[in-house]
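Some notes on the structure that comes next.
Each reported figure results from applying straightforward, stated rules to the coordinates on display, with no laboratory input. None of these values were measured; they are calculated from a predicted model. In this analysis, Cβ positions are derived from the backbone assuming ideal geometry, glycine residues included, and neighbour counts consider all displayed protein chains.
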Amino acid sequence: MSSSGIEGGPVQDDLQPGQVLDHRYDIKELVGRGGMGTVYRVRDWDWNVDLAVKVPAKHLISDWVAKERFLLEAQTWIELGVHPNIVQCWFVREHEGSPLVFMDYLPAGSLKEWREQGKIAAGDWETILDLMIQAAAGLGYAHEQGLVHRDVKPANLMMREDGRLCVTDFGLVKVTDLETGGPSAADLEKMLVELDAQGINEESLTLTRTGTLLGTPEYGAPEQWMAAGNVGVQADIYALGIILYELCAGRRPFDDGVKRVSAAIMLGEHLMTPAPDPRKFRPEIPEVLAALCLRCLVKDPLQRPASMQELREEFASIYHGCSGRPYPRPAPRAGTQRADALNNKAVSFWNLGFGQRAFDAWREAAKLDGLHPETVYNRTMVQWRQAQIDDAEVLRRLNQVKSTYPHLGTYLGYFLLEQGDAHSAEQEIRQALVNPLAARHGTAWRALGDARMYLEEYAQAVEAYQQALKRMPDDRQATARLEMARQNQRQLERVLFPRATPRLLLEKRSAVAAVALSSEGDQAAHWAEDTLELWNTQEGTVLWSWRAESGAAAPSRLLIERNWVLSLASAHGRCWSRSTGQLLFEVEGRKRILAVHSRLGWALVGGEVLEQVKLPGGDVLQALEGHSKPITTAALSADGRLAATGSGDRSVRLWDLQTGCCLQHLEGHTDLVESVVLSGDCSLAFSGSRDKTVRIWQVSTGDCLYVLQHSHEVRRVRLSADGHHLLVASWALGEKDGLDVWEVATGQRLFSRSGGHWLCPFHTGPWALVASKTARPAPLTLWEIPSGRQLCAFSESPSEITDLALSRDNRWALSGGHDGSLRLWEVDWAARVGEFSLIVNRTSDHDQVESNQQLFSKHLETAERQWKAGEAANAYQQLREARNLPGYARDPGALALNARMLQRLSRRGLQAVWQLRAFASNGSVAALKMSADGHTALSASGKVLYLWELSSGSCVRGFTGHTDQVTAVALSQETALSASLDGTVRLWSLASGECLEVYRFNEPALQLGVSHSGLFLVGSPDKLIVARVARPDPLLTLPVSGPVCLALSRDGRLAVTGSEEPESLRLWRLPAGTSSRPWKAQRAQPEALGQGSASALALSGDGRFVLAGDAHGWLRLLDVEEGWCRSAWQAHSQAIRSVRLSSDGRVAFSSSLDGAIGCWEVVSGRRWETLPGPYEAMSVSPEGRFLLTAGGDRVLRLWELDWELNAQKETAPLADTWKKSTVLEMIGGLFRRKT
């Protein structure tokens, strides 16, 4: 857009030139202002280009209905994508509640400006028709997408320097058939009277009413003013007719553009007066053009041209007649949206609040490029922030990006910084910035400065911020933080770089029983070994101490309020002077202080009778009887009028403290009530009990609204700051503690987490401090409520936290440890620096997009043709050319052809590995097998088998029948085999899920090998059983030593077995044929195969080589014919559990007890890739393109491997590698054979 993108009436906005949005968009100037909003020119520092940003007028987003409408309209513009005759809308971001629309900035101006500046000569019919044809093309494309513009005018037709016209301002469109109705005659008359009274120039001013967009008086079709909700594409045709009239005749049909005409008169002309023949004002207008212009302006929409396509064709025909030559511009096409554009669309949808549409767009982007960096980062961060994935999954994905794009280690650094790991973030960002591609971005340098601020490395932070400001000179945040770094300050106003380590650490001689913090966090109290101490948190100095009698019961809670320190929730409740430490008041007997109202100066004390006592003296103000057993817990309303109590009598009571009356006696719990809470408005009460339930009560009626079930005894119940969510800690002696978060309004559990003994919801904001007492390690953690996302795990936490306190200003937390430690933490999360915006891509313009698409298709078609003709080297070169085009590196068609070329061309290396999709595995996976075509997979969890469709990640069906753990599976096109510890192997139909056959061997089946001929081997603890599908009895039973691992050749002629015992490797040459008679033992004799052991085995496709993994993490490639160990290497740090070979035998895959999966070149032992896991099982497609893994997190992950090929070297049998061995190599081989 340019300066005339929006004109007209006044709009109030808050953006000013010099302001920087989202740390990268520098506002340069105001370029247009009108009734619908304001347009600015901004400089994008990262892209180094100018963009236009549109800020909607306040009335368009004045309430949630209006804002939703605007967001929907912005969404329609984004969905239009790339078209040569439409101004591209890049994305939408929100700024202080206002959605900002970012689009192309076109400095050449609008059609209105070109006409006023005389750039369109009178009578230049070719230029006029060219402009109309382009406008019709852009609007026609929008109509095809179901959109009507409704505000077509010269100011909304932008020009490029080369004469191309682009339609803009699709923020005013109407989605076809979305609206009905229009303004009443009275509404319209009132609006026009107001406009006339204000004396506003209506030209280019868009009229609106709530819920309806009307248009611009000079260009609006008659139906827009009488039935705005029923406007169709003919309204845009009418407006384009007005523009054509203006260009041809030098004026509009109903006004000359000089003398002011009131809006009321103007609309009356549109409604009632036929348009005069434009030749009346300029006789030289071609008759056919004047006739078409008047057809566009008839009052009846049905009498106008039927569509923009029809109108465009008529314009082109007139052009041919006027110029004597065909119209030169080809019919435009919308650009193909690649991953860059789809990611931008997703970011916009997310910012607009359309979450599902955002994920759909990211999903489409991932189909076109599974490792598109911004798509991976954005989708991953959104999922993590919503607690859909954990930290390990984020690290797994972002490390994949980093391994292919080292300069984008910055993305990993951004996550680590947001996660709170400043040390790792600083390392990642610093290493990435060595690369010039990363070093040019000021955002990355500022993030490096932020990481160093967290680490209190101020001098280094200064250097980073200075580098950021070289690239972003006007970045106010970098400027402010640079000043903080120069002054060695971690906090300035509401900007904070909190430490993840303790602000203060004190060590006591014995375990800390209870802690408390003052409201401002400047003082703290703790109880340890019969002693209470109050100390200054800034200096760590003790202000006073008070010692109880030896062996006195320690308090469960401490509280610092006003001028007092109190011990709560334990026998002998006490009150001390905060200034002197003098004991002011002690509860008699076994009564306890349960709750304190500091502002009113009294406390609730409970035994079997609830007493209201005056502080600090302890005088009893009133006694409330009702409970039959000691009161265990109490809660107070903010105004002190209502109290809730829970008791060992299993009931909850609600009290009116002004009258002393019991308002409600709430029964339902079946065990002691441990905790009660009141909602802020006192409409609800919450009670938690050792009966493993929380009950939500209606205070006014006493009705139990919800009963929330837990797995352990409920010990603590807390309410979030907004009162919408309930946090519940539950545990039982000797069992792990847990945290559950519930939605109060619905009684629905939002999430569960282990480790929730200590709970401290923030007094304001959606956060809570959580610490476990039973988990090890048990750090202090900060959680976001209600998403369940862990924001930070504070380092140097004690081995066991015994109590936790939070200051009322949410800035400080104090933990006490069983080791006697006291740690003061900074937890001011509202002021914390760290969260990063989603990242958008700079995409190509339409011409470049189209050119790339055509070139890609050409190269790919040529590669396909040459491949079929046997010209492998040329075909691969063409494929490389296709994949080198921007946006096509991982195109699905190109990847499929690359995989087919693996049949003939040798591998040069592994270019990239990425995760295609992940889905829950229905339990811990013991066995996994992928089909040869990579379309389906079979997994075993417990006694059940699951068949998966890998393209969608959906479970097709389960197979039940085994009575013990399934240990191994095999998969063919129509059937599956499974082995189990129940001593059976079962044959299944994949289509029906029916068990077709059960083979009973009376031995636990540990391993399974299957040949293409239907022969299968079963490994048991001390036997190798040979059997055939469709025959119930074994063909042969062979003795082996120890639990066996095995491999069977495809043709069933060779089998290899081994165990972890030395010299256990054996090669079995099995008889050929399909005899149904039992074999004799002497027909299968073993041969020793090296002197090693094996924990996993695999045979090459031709049966010539064996890959053996052992208990020490070594892999060895054994030559069956020669008996040599061809190569050996240390692959893992622990025992190898499974190995696989690609169909050509040149690529090995291994999984280990160390949790990692390795990909190796077998000849050299070179590592091509390591997936750190932890993974439990794996399966590989024959050509090595797809890898399926099962993780310890019970998730199946499908990976794609992108191989770089050697166009000059075709694949040769693996045995050929050693055909020309020298004498020296043979001697080396003999040595390897012995070792």
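In whole Å, what is the distance between the alpha-carbon centres of segment 455-469 and segment 1116-1144?
50 Å
Do any GluC sites (Glu not before Pro) in segment 844-951 lie in a DSSP loop with no more than 11 other beta carbon atoms within 10 Å, and if so, which?
Working: sites: Glu850, Glu861, Glu864, Glu871, Glu881, Glu949; in loops: Glu871.
Counting only loop positions with at most 11 other Cβ atoms within 10 Å, none of the GluC sites (Glu not before Pro) in segment 844-951 qualifies.
For Lys692, list the aspartates and glutamates whose Cα falls under 19 Å from its own Cα; do not include residues on the same chain fewer than 8 positions away.
Reachable aspartates and glutamates: Asp649, Glu667, Asp671, Glu674, Glu713, Glu735, Asp737, Asp740, Glu743.
Among the aspartates and glutamates, which have Cα under 20 Å from the Cα of Lys28 when same-chain residues fewer than 8 positions away are ignored?
Hits, sequence-local ones excluded: Glu7, Asp13, Asp14, Asp44, Asp46, Asp50, Glu94, Glu96, Asp104, Asp474, Asp475.
What order do you get for 543-553, 737-747 when each peptide is scored by the mean count of other beta carbon atoms within 10 Å, highest first? Show your work: numbers first, answer last.
Working: 543-553: 12.5, 737-747: 18.6.
By packing density, highest mean first, the sequence is 737-747, 543-553.
Can you tell me the order of 145-154, 822-831, 485-494, 283-292 when each peptide is scored by its average per-residue count of other Cβ atoms within 10 angstrom, highest first?
Highest to lowest by the protection proxy: 145-154, 822-831, 283-292, 485-494.
Can you give the three extents of the C-alpha atoms in segment 368-461 along their principal axes, from longest to shortest, in whole Å?
Principal extents (largest minus smallest coordinate, Cα): 42, 29, 17 Å.
Report ³J(HN,Hα) in whole Hz for each residue of segment 264-280, in order, from the Karplus equation J = 6.51 cos²θ - 1.76 cosθ + 1.60 where θ = phi - 60°; Gly and Pro get x.
Rounded to whole hertz, the list is 5, 5, 4, 5, x, 4, 4, 7, 10, 9, x, 5, x, 4, x, 5, 4.
Tell me the mean residue ellipticity at 222 nm calculated for the chain from its helices only (DSSP H runs of n ≥ 4, each -39500 (n - 2.57), averaged over every residue, nearest 500).
Details: 23 runs with 290 residues, N = 1235.
The per-residue figure over the chain is -7500 deg cm²/dmol.
May I ask you to list the trypsin sites (Lys or Arg not before Pro) in segment 556-636 that are in a DSSP loop and have at most 16 other Cβ atoms within 10 Å of their Cβ? Display every interim value, and only then the final one.
On the way: sites: Arg557, Arg562, Arg574, Arg578, Arg590, Lys591, Arg592, Arg599, Lys614; in loops: Arg562, Arg578, Arg590, Lys591, Arg599.
Sparse-neighbourhood loop trypsin sites (Lys or Arg not before Pro): Arg562, Arg590, Arg599.
Considering the dipole of the chain built from charges on the beta carbon (Lys and Arg +1, Asp and Glu -1) around the Cα centre, which of Thr693, Gly250, Ala135 is farthest to its positive end?
Thr693
To the nearest 0.05, what FRET efficiency results for Thr746 and Gln1130 with a Förster distance of 60 Å applied to their C-beta separation?
Details: r = 55 Å, r/R0 = 0.92.
Step by step, r from the Cβ atoms, then E = 0.60.
Give, in nm to one decimal, the length gained when the segment between Ser951 and Glu463 is fully stretched (0.36 nm per residue of separation minus the Cα-Cα distance).
So the chain would gain 170.8 nm between Ser951 and Glu463.
Starting with the highest mean, order 232-240, 765-773 by the number of other Cβ atoms within 10 Å, averaged over the residues of each peptide. Walk me through the numbers on the way to the answer.
Working: 232-240: 24.9, 765-773: 21.8.
Top of the packing list down: 232-240, 765-773.
Using modelled backbone amide H atoms (1.01 Å from N, in-plane), which distant-in-sequence or interchain residues come within less than 5 Å of Asp737's amide H?
Here Gly755, Gly756, Lys773, Thr774, Ala775 satisfy the definition.
Multiply the residue gap between Trp1218 and Ser628 by 0.36 nm, knock off their C-alpha separation, and tell me the result in nm, one decimal place. Don't skip to the answer; put the middle values down first.
Numbers: separation 590, 0.36 × 590 = 212.40 nm, distance 9.01 nm.
Difference between extended and current length: 203.4 nm.
May I ask you to derive the FRET efficiency for Ser711 and Thr479 from their Cβ-Cβ distance with R0 = 41 Å, giving the value to the nearest 0.05? Don't skip to the end; give the middle numbers.
Numbers: r = 52 Å, r/R0 = 1.28.
Here the calculated transfer efficiency is 0.20.
Using Cβ counts within 10 Å as a stand-in for footprinting exposure, how do Phe1105, Phe919 rank, fewest first? Before the final figure, lay out each step's value.
Numbers: Phe1105 22, Phe919 16.
So the residues, fewest neighbours to most, are Phe919, Phe1105.
Please report how far the C-alpha centroid of segment 339-366 lies from that of segment 1156-1186, rounded to the nearest whole angstrom.
Segment 339-366 and segment 1156-1186 have Cα centres separated by 32 Å.
In nm, give the distance between the simple-model label positions of Glu974 and Arg385, each being 7 Å from the Cα along the Cα-to-Cβ direction.
Label at Glu974, label at Arg385, 5.2 nm between them.
Tell me, what is the FRET efficiency for Ser857 and Glu1122 to the nearest 0.05, using R0 = 51 angstrom and their Cβ-Cβ distance as r? Write down the numbers at each step before the final one.
Working: r = 49 Å, r/R0 = 0.96.
The pair Ser857/Glu1122 has a calculated efficiency of 0.55.
Can you give the log10 of the normalised intensity I(q)/I(0) at q = 0.21, 0.30 Å⁻¹, computed with Debye over equal Cα scatterers of segment 444-485?
Listed by q, the Debye log ratios stand at -0.48, -0.97.
Take the Cα of Asp845, step 7 Å along the line toward its Cβ, and report every residue of segment 82-126 whose backbone nitrogen sits under 17 Å from that point.
The answer is 82-90, 103-111.
Under the rule a/c < 1.5 gives rounded, and otherwise a/b versus b/c splits prolate from oblate, where does segment 1153-1195 land using the Cα gyration tensor? Provide the component values of the computation, followed by the final result.
Details: a/c = 2.98, a/b = 1.47, b/c = 2.02.
Verdict is oblate for segment 1153-1195.
Report the paramagnetic label zone for Asp722: residues of segment 816-838 whose backbone N is under 20 Å from a point 7 Å from Cα along the Cα-to-Cβ axis.
828-832, 835-836
Could you give the length gained by full extension between Leu543 and Lys1023, i.e. 0.36 nm per residue of separation minus their alpha carbon distance, to one decimal place?
Values: separation 480, 0.36 × 480 = 172.80 nm, distance 7.65 nm.
Taking 0.36 nm per residue and subtracting the Cα distance, the gain is 165.2 nm.
Mind jotting down the distance between the C-alpha centroids of segment 796-871 and segment 47-70, whole Å?
After rounding, the separation between the Cα centres reads 27 Å.
In nm, to one decimal, how far is the modelled label at Leu583 from the one at Thr127, with both set 7 Å along Cα→Cβ?
10.0 nm
Ala291 versus Glu144, label points 7 Å from Cα toward the beta carbon: distance in nm?
2.9 nm
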